[in-house]
Amino acid sequence: MSRIRFLVNGAPAEVEVPGMRRLLDVLREDLGLTGTKEGCGEGECGACSVLLDGQVVDACLVPMSQVDGRIVRTVEGLALAARERGELDALQEAFLELGAAQCGICTPGMLMAARAYLDAGGGPDHGSIREGIAGNLCRCTGYQKIVEAIATVAAGEMA
Amino acid sequence: MTTRTLPYPPIAPERSAADALVVDPGSLTPGRTRGYPLRREGPSKLTGAAKYTDDLIFPGAWYGATIRSTEPRARLLAVELDPDADWSKVVVVTAADIPGENLVSAIKEDQPVLVPIGGEIRHHAEPVALLAAPDRETIRRLRSRIRLVTEPLPPVFDPELSDHVFARYEIGSGDLEAGFAAADVVVAGEYRVGHQEQLYIESNAMIAVPAEDGGMAVYGSLQCPYYVHKAMRKTLGLASDQARVVQAETGGGFGGKEEYPSIIALHAALLARRCGRPVRMIYERHEDIAATTKRHPAVIRHRTGVKRDGTLIAQDIEIVMDGGAYCTLTPVVLSRGALHSGGPYRCPNVRIRARATRTNTPPNGAMRGFGAPQVEFAAETQLNRIAERLGISPAEIRRRNAYELGDVTPTGQTLRDSVAAQEVLRLAIEAADFERIRAATGRVAVERRGSGEVPAGRLRSGAARTASGIGLALGWHGAGFTGSGEVHIGSVASVELTDDGRVRVLIGSTEMGQGTTTIFPMMVSGELGLPSEVVEMAPVDTAVVPDSGPTVASRTAMVVGGLCIAAARRLRAEVEARNGGRPFVEVYRDDAARHGRTRVDQRFEPYPGIEFDDATYRGDAYPAFGWAACVATVDVDLDTGEVAVRDVVAVDDVGRVIHPILCEGQVEGGTLQAVGYATIEEIKLEDGRYLNDRLATYLIPTALDAPRLTTILVEAPFSGAPHGAKGVGELPMDVGAPAVVAAIQDAVGVWITELPATPERILAALDVATRPGEVRSATAAGTAGTAGAAGTAGAAGTA
C-alpha cells in the first residue's frame, strides 16, 4: 500500500492504495467520480481519458504510483467555474447544441481529449481535430458532429 | 401521397403533395439546437452526472462472474469445485439452482440459462455456472478453480453443412423460367459477409437487487425492459409484480442489447437470490465480444436476368445465414433479409429462398439493419456488376428499375404511398456530383490501363500511389416490425395529466443515444399546444411504464410515437370537452386540480389496409418503407490495398423528421458503422471461437478513419402514422457497404464480393486481375477475377 497525494479537479486528494491500482478505479470507486468511464480496460477506446498534468491519458493504463504529486482533471472538473453559475463550459455547450453526444458513454473522455487539444493551441482545422481525438472511439455519431463542435469552440464561436 | 399532418414548432414550409420534401437543416441558435430542443439528458451526460449501470452504487453488493464453456460442442458431465479452495465466502450457482424454467425467453425457447449436467454445450462461450464474491480479487482467484468435466461432441461450423434449420422461407412471384428465357443477359454472383460486433462503448451490465417480498429488481443497460421482465418471470418463477426492470443510462445498443440482457439479468438475479444481496454483473470488454451476439454471417447467391437496356426481368436469390448455437432472433432476422434481398427494384419474376441454420458458434442476433445490410450489400453489388456488364452507368440502371408508386413487391405488396427511391437517388447523385466524378475516375483508370505501365501484380502506375473511386448504392428498409409483428405485440403507450397538473409520457421505449427522451416530449407537446420542455418522461421502469414493445426495428418514433400522438389527442379532447371547449393549454392545470389525474392508454391498432399472411408470405410485409441512397468516395493505396473512405453523401427518406440534429446523428452514426462493416470490421474464427475478441484486435473506425459525412434528410410521410414517421435508425446501415465496395471497384477495377474489403482481399483480387497472360479489362477483373480471389464463384454468362 502506498499513500498517494494528488490534486483532482483543483481539490487535494489522498488515498492509501496499492501502487498498481488503476487511476480509473481510484477515481470511480474511491473518490466516487463516475463521470470517467471504462470502455475496454486496455487503452483502446479512450472512454476513461483524463488529463494528467494537462496531458490526455487513459486512466485504465495509469497506475497510482505515477499519480503522486500530480494534477488530475476529469469531466467533473471541466466546467468548475461555469458550473458554479449552473452552466456548461463552451466545449460542453457546443457538444450539446451541435449534437455531438448521443449515448454519452464516450463523451466524458472525448471532452477531455478535446480540452487537451484546445489547451495545446489546436485550431478549427478538421484534420487536426481528428488527429487530436483519434484515441477516443465513438460508435454513435460517426464523429462528424464531434469534430464540428470542437472546431466551433476552436474558432471561438461559442466562447 | 405526401401530406404533412402535424405542425411541430419549427417546421419547414409545405410542399406540393407530389414531392418528397428535403428537410431544411436549420441554422445555429444559441440555447437551442437549430431552433429545436436540446437533447434532454445531454447536460447530465456532458458533466459526467449521468448514471450508467456501473456507476450505480448498491451498498453491500457482490460481484458476479460467469463460468463458460471453452469447447464448441460437448456433453457436460460435471461441474467440479477444487476441494483445496475455500468456497465458504462465495456462492456458486448451477442449473440445479434455477427455480423456474431453465430457458431464456425468446422466439424458440432452445437456449438454457445455464447448461445442466448431462446437457449439451453448444458453443465455446456458453454459460455453465455462476460465481459471486464480495470482491473482484476473490472472483479472479476462484473462477479458475471451477472445472467443467465434459465429453467432446463433433461440432458443425459451416452453416451450409448444418442440418438443423432454425427458419426457412420461400418467396416467389411471376414465372422465373419464363423470366430467364426472356432475358438478354444473365449474371450470377456469390456474396459473403461475416460477423459484425455492435461494439456499443458501454459493455453489457446488469445489477440484480433482491426485494424483501421474494421479488427481484434488475437495473441495467438494455433496449427492451419487458423482454427482461418476461425472462425473469419465467426463469425465476416470479409473479408479474415481483419482477421489476429498470433501465439505467445506456451507452449504446445497436441491437446488441435487444435480447442478450435477458440472460445477464437472469444470471445476476440467480446469484442475488442465492446470496441475498445485490449482485453486479458487469461484463468486461473481452467477455462482451467473446460471448454476446453478433450480426449474422451470410452467403447470398444471385442469378439475375436483364434486358439489354438494364431492365430487371428475373431474380433468383438464395440466402444462407449462420444462426450460431441458439435460435435467438434468427427467424425474424432471416425474414427481413429475405424480404429485402432483391433490393428496391421492380422485377416481375422472382424467387427468394432463405434459410438459417445452427452452428457451434456463439449465437448471432440483432444488429442495426437486422438482416438487411447483408442482403442489400449483395443486391447492390450484383446490380453494379450487371450495369458494368451492360455498359450502363450505376445511376442509370437504378433510375430504370427503382420502385415507384404503384409498383408491386415480390410478396404482392403494392407500394401505395411514400415511395422516395427515385428522389433519394437523384439527390445523392446531384449532391455528390456522382456522374462528373465518376467520369473523371474512369478517365484516370483508362489512362492507367493504356499507359503500359501497369505492373504485374498490382495496378500501380508511374507516380500514382493511390487510385480514387466513387460508388453508389440505393436501399430500402421496411418500417417497423415485419409482417404482423406489431399486431401480435399490441404495444401500449400512455400520456397522463397528473393530479398536480404535469403532463407525463409513459413508454417502455428506451433512450440509448438515439434521442427518445427528446423527441417524445416534442411529439406530445405539439399535440397539446405546450412547449416541449414542460412535458415529462416517466422513468423506464416496468413498475411505472407500460409495455410499448421493444426498442428495436427503427419502430420507436414511428410506432410508439404514433401511439403517443394518438394518446395526446385523446387527452386533449377529453380535457377540452369538460372545459367548455377551451384550449388544453389554458385549462389543463385547473382541470387537474378539479378532476385529479387523467391518463390515456393507447394500444396499437393495425394500420388501415395493411395485411400480411405469415403462412404464405404474401401481402404487405411492412406498412411502409424508408429509402436511402449513398455515394462513397475512396482512395485505395495501390501498394498496400488499404482503403481510405474520404467522403460519403447519405440521403435518407425517414417519412418525417422530428428533430433534424438527432436524425442526422442517426444517419451519420449508421453510415460509419456501414463503412466499418465494408472495410475493417471482421471476426476471425478458429474452431468456433472468435480469435479477435478484444478491442485491440476487433477494430472499429476512429475519427481518422471516418469519412466526411454529408447528410440530406428527405420526408415522404407514411400516411398510416399520424405524424408520417418511418424510422431512421437502421436505414443508413443498409447502403454504406455496397457504396464503398462500388467505389473500390471504380478505383482499381475489381469487385470485392466478401466483406470486409480488407487490404488482403483487395490485393488478392488485384493479383488475379493482373496475372500475366490474362485479359486485364475491368470487366474481366470484375467477374472471374474477384470471384477466384475471394474464394467465391461469381460468374457471368449470356443467355
Inside segment A:109-159, the number of residues satisfying the requirement of being more than 10 Å from every other protein chain (Cβ to nearest Cβ) and among the small types (G, A, S) is 13
If you go through segment B:550-565 one residue at a time, do you hit one that is surrounded by fewer than 23 Cβ atoms within 10 Å (Cβ to Cβ), among the polar types (S, T, N, Q), part of a helix (DSSP H, G or I) and in contact (Cβ under 8 Å) with a residue 12 or more places away in the chain?
no
Restricting attention to segment A:39-61, does a residue exist that is surrounded by fewer than 23 Cβ atoms within 10 Å (Cβ to Cβ), assigned to a helix (DSSP H, G or I) and not aromatic (F, W, Y)?
yes
Looking only at segment A:1-43, which residues are small (G, A, S), within 14 Å of chain B (Cβ to nearest Cβ) and either closer than 21 Å to A:N136 by Cβ or in contact (Cβ under 8 Å) with a residue 12 or more places away in the chain (or both)?
A:G35, A:G39, A:G41, A:G43
Would you confirm whether any residue within segment A:87-97 is in contact with a Ser or Thr (Cβ under 9 Å, 6 or more places away or on another chain), in contact (Cβ under 8 Å) with a residue 24 or more places away in the chain, facing chain B (nearest Cβ under 8 Å) and outside any loop (DSSP other than H, G, I, E, B)?
yes
Tell me which residues, restricted to segment A:118-159, are part of a helix (DSSP H, G or I) and in contact (Cβ under 8 Å) with a residue 60 or more places away in the chain.
A:D119, A:V153
Within 10 Å of chain B (Cβ to nearest Cβ) and closer than 22 Å to A:I4 by Cβ, is that true of A:G46?
no
For residues in segment B:43-57 being in contact (Cβ under 8 Å) with a residue 40 or more places away in the chain and in contact with a Phe, Trp or Tyr (Cβ under 8 Å, 6 or more places away or on another chain), which is farthest from the other protein chains (Cβ to nearest Cβ)?
B:T53
Quick one: A:M110 ticks every box in (1) in a helix (DSSP H, G or I); (2) free of Cβ contacts under 8 Å to residues at least 60 places away in the same chain except a single one, so which number is it?
(2)
Within segment B:420-473, which residues are assigned to a loop (DSSP other than H, G, I, E, B) and at pLDDT 95 or above?
B:A420, B:D433
Specify which of the listed residues (B:G485, B:G513, B:G478, B:G490) is buried (at least 23 other Cβ atoms within 10 Å of the Cβ) and away from chain A (no Cβ under 14 Å).
B:G478
Does any residue in segment B:126-153 that is among the small types (G, A, S) come within less than 9 Å, Cβ to Cβ, of a residue that is exposed (fewer than 15 other Cβ atoms within 10 Å of the Cβ) six or more places away or on a different chain, and which pairs are these?
B:A133/B:K89; B:A133/B:R141; B:S144/B:D82
For segment B:629-665, enumerate the residues that are in a strand (DSSP E or B), under 28 Å from B:F520 (Cα atoms) and within 14 Å of another protein chain (Cβ to nearest Cβ).
B:A650, B:D652
Would you check if B:D693 is crowded, with 24+ Cβ neighbours inside 10 Å and within 21 Å of the chain's Cα centre (by Cα)?
no
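The values are calculated or read from the model by the stated rules, or taken from the named source; none is laboratory data. These numbers were taken from a predicted model, which means no experiment stands behind them. Glycine also receives a Cβ, built like all others from the backbone with ideal geometry; neighbour counts cover every protein chain displayed.
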